[in-house]
Structures are given as structure tokens and as C-alpha cells.
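Note sheet for the following structure.
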Amino acid sequence: MKITNVKSILTAPDGITLVVVKVETDQPGLYGLGCATFTQRPTLVARAVDEYLHPLLQGRDPRNSEDLWHMLMVNAYWRNGPVLNNAIGGVDMALWDIKGKIANMPVYDLLGGKCREAAMVYRHADGREPQEVLDNLLKYRDEGALAVRCQMGGYGGRVKDITAATAVPSRDAPQATHRMTMMDRLNSNFPGAYYDPDAYARSIPALFEYVRSKIGFDLLLLHDIHERLAPIDAVRLAKSLEPYRLFFLEDPLPPEQIEWFRHIRQQCATPIAMGELHDHPLEWRSLIAGQMIDFIRAHISALGGLTPARRLAALCESFGVRTAWHGPGDVSPIGHAANLHLDLACHNFGIQEVIHFGQALYEVFPGTPELRGGFLWPNEKPGFGVDIDEAKAAKYPPTFKTVEWTQSRWPDGTLWTP
């Protein structure tokens, strides 16, 4: 059995650019699909797949996925960067998909079988003020959600990017309420997504006080700092949220500041989730071995695929850390299925982030996992159980523009982590 073709497919059924890798073989009808989505640089990933991985993999046996993964990781000599990791991750998932189809088994069976029937998920509730957040949370609870992440005004308390035209708070610019008043008149030469970290940090404990006062403690609640605070302010916020029993507090610090996690752990018992931006083992190894986090939040394709993710999950299990794989809109249904198969097979599963799958996604990706009753459910098909209709995918071409939301700035114009 040999690989005959490796190609990328770009599509945007829900308006978010997705990168899919298709690995074809010399066996009639046998191919595998993987997710290689890196929304901020999708065409670079696609070119890496088409121009470098395709000729490298032609003629090789797709069943030797472990050897191929190691070869792909070192073939470029330099390694552990998001572009190549995502390209390799898409190929790696596709090879696991092929394995499942050869064996006529779902991938979770290849990983040891199910530990549970479905994966508990959390949904995203946002709003401009506490009551709006609560209203959106209650809608999810009525649909059967068991866990909800609560934000107020997006990451850092910012609903929209602040420009000169939206510097004054209004119905159309509520995000401006998180700016320092003295900055509202600033004509800045540094455009970007402005927010006030202190106003944001002060607003979040009040948000959770309000929500808990209305619903009690039966629903699991989460929050994502998204690295928007200075390290000491992240420590202070983690401490202040302790009474509200968060399921976890996500990404309080950037990967460059992992030493600060020790201070959070010494100060409070708020559970911590980290790893969304990780693409190098040294970014997570000390956090796990030092028991400084409670959940690993990695983006599976950015790690390099299912092969390193299952090893990471095993490492986490040894230290009492649970999984909570990254599952936003910039993960394709194939990537969500890969998350789900790991969720079902790993004993130390914690929770799964998931989006609402729009009708267009179901049309382009037959077999997309089903969201039902607060859980994500797989189908029983071989491999990951998700296919792609390339003709329908072509009806949703992606559009490319400069990424603005990652140009996050504090009120004086200082660029901060997104």
C-alpha cells in the first residue's frame, strides 16, 4: 500500500477559513482526512502541504504513521513552529483516519476503546453586561448544557475594535466602556484592538458574583483570560475568582511566562487550563510535571496531530492533569472528530470545547459529530467518521484579510498578547 497524493483543501462554510488535508492511496476509494487549520496563516499551511509534504510522502506506506510522523518533524531540520506543525498534524490525522478505515474500526477503538459514551462539552456565553451574559447562559442551560464559559465583552472586555469613531461609549460601541476616560480622546498612531486590562479584571469577579447569585452552583462555569493581563494581575484575578468555583480559568498567562504559574498555584485553588498556543514540548512539560495546571488545552493540529496528542494525554494522566482540547470555530469538523475520539478513549478526559455546527458545515462535512444534551456524540463509522464533499466545499471559498483582533493594545497603545 502506498500514498499517491497529498493535498490541501481550503473552505469556509461558516465564514472561518478551514484547512483540510487529504491523503490518497493506491487502494481504490481509500483515503484519509485531517485538519490542519491555522486560521491566521492558512495559505502558508496549504503551501507546506502541497509543495513539500506531497512530494515527500509519495510512495510511502500510510500504515507506518509513527515513523512518518518522526520523519515529517525533522525533515525540515528546524521544527516546532505553527505552520509546519499544522501541516504535519493534518497529514498525521489523515493517516489515523486511513488506519481506522483499513481496520474497519473507529479511531477510538484503535486507541483502546471507549471510556465513556460521549464527551461533556462547554458552550460560550458572552454579553455587554452581566444580565446579558446570564440570559445567554440560561439559553444554553435550557438546551441541556452542563458547562458554560462566561465572558463579558469578549476577551479583555472588548466587544469590538476601538477606533477614533468608536472611542465614546454608546449602544454601537459598548467596548469603549473598558477604556480609561483619559484615553477616549487619544488620536493614536497605533491602531489596534484597544482594551483596559484593569477595568476588565475588576469586571469579571462582579460578573461571576451576579451569575452565581442567580443560578447557584449547579452549573459548571469557566472563564478565559486569553493572556490579556500582566502576570501579577492574572494571579490576583485567579485568587478573586476562587469563591465562585470555576471549572477552570483558561490561559491566564502566555507561554513566555510559564514560570508565573507557580505563583498562581501557591496563592489559590482555582483550577487552571493552559496550552492553546503551545507547539513545543518544553512549553507544557514543566507545567504538567510540576502540577501547575489542571487541564491541557492544546490545539491538536498545532502539536503535530493525533500522534503527539495521545502521548501528551498519557503524560498528563501520570500527573493528574485532564484534557480539554482546543475546539473553537477555527477547527474543522474533522479536527473536532479527532478531539472527540481522544476524549472517548482517554481516561483522563476533562471537558471539550465545541462550537455550534451550522448547516453548511454538515453539508460540506458529512458525519460531523452531533451536539446533543450537553455532550458531543460520535458516529460509529470507521476512522474519524467524517468525510468532505469537495464540490460543496468549493462553494465556500475563503477570503483573506489582515488579522486585526490579534493587534491587542492597552489604553496607552502598548501592544499586548492577543
Quiz item: Quick one: if you stick a label point 7 Å off each Cα along the C-beta vector at His347 and Arg41, how many nm between them?
Solution: 3.8
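Taking a 1.4 Å probe, which of Glu380, Glu209, Glu353 shows the most accessible area, and what order do the others take after it? Walk me through the intermediate numbers first.
On the way: Glu380 120, Glu209 95, Glu353 5 Å².
Of Glu380, Glu209, Glu353, the descending order of accessible area is Glu380, Glu209, Glu353.
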Practice problem: Kindly report the accessible area of the range 1-128 per residue (heavy atoms of protein chains, probe 1.4 Å, no ligands, DNA or RNA), in Å². | Solution: 42
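Counting only other residues whose beta carbon sits under 14 Å from that of Ala118, what net charge do I get with K and R as +1, D and E as -1?
Working: positive: Lys114, Arg116, Arg372; negative: Glu117, Asp343, Glu370, Glu380.
With Lys, Arg at +1 and Asp, Glu at -1, the neighbours total -1.
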Quiz prompt | Helical mean residue ellipticity (222 nm; -39500 (n - 2.57) per DSSP H run of 4+; nearest 500) of the chain | solution = -10000 deg cm²/dmol
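Would you mind calculating the gained length between Tyr362 and Glu51 on full extension (0.36 nm times residue separation, minus the Cα-Cα distance), in nm to one decimal? Working shown, then result.
Details: separation 311, 0.36 × 311 = 111.96 nm, distance 2.95 nm.
Full-extension gain reported as 109.0 nm.
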Exercise. Identify which of Gly157, Gly113, Gly385 has the largest mean-square fluctuation in a Gaussian network model of the chain, with springs joining Cα atoms closer than 10 Å.
Key: Gly113
Quiz item: With springs only between Cα atoms under 10 Å, which of Ile351, Ile388, Ile102 fluctuates most in a Gaussian network model of the chain?
Solution: Ile102
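How big is the convex hull of the Cα atoms of the range 263-365, per residue, in Å³?
Details: hull volume 10.2 nm³, N = 103.
In the range 263-365, the Cα convex hull volume per residue is 99 Å³.
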Practice problem: Extending each Cα 7 Å along its Cβ direction at Arg63 and Asn379, get the distance between those two points in nm, one decimal. | Solution: 2.6
Quiz item: Roughly how much of Leu84 is accessible, in Å² to the nearest 10, using a 1.4 Å probe?
Solution: 70
Quiz prompt | Thr414 paired with Gln131, simple spin-label distance in nm, labels 7 Å along Cα-to-beta-carbon | solution = 3.6
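How many percent of the accessible area of the range 254-392 is carbon or sulfur, using a 1.4 Å probe? Don't skip to the end; give the middle numbers.
On the way: 2520 of 4830 Å².
Answer for the range 254-392: carbon and sulfur cover 52 percent of the accessible area.
Full-extension gain between Ala289 and Val74, please, as 0.36 nm times their residue separation minus the C-alpha to C-alpha distance. Let's see the in-between values first.
Numbers: separation 215, 0.36 × 215 = 77.40 nm, distance 2.55 nm.
Taking 0.36 nm per residue and subtracting the Cα distance, the gain is 74.9 nm.
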Practice problem: Please find, in a Gaussian network model of the chain (springs between Cα atoms separated by less than 10 Å), the residue of Pro382, Pro55, Pro369 whose mean-square fluctuation is greatest. | Solution: Pro55
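The values are calculated or read from the model by the stated rules, or taken from the named source; none is laboratory data. All of these numbers come straight from a predicted model, not from anything done at the bench. Cβ atoms come from the backbone with ideal geometry, glycine included; neighbour counts cover every protein chain shown. Surface areas here come from the heavy atoms of the whole protein model, side chains and all, with no ligands, DNA or RNA. Shrake-Rupley method; radii C 1.70, N 1.55, O 1.52, S 1.80 Å.
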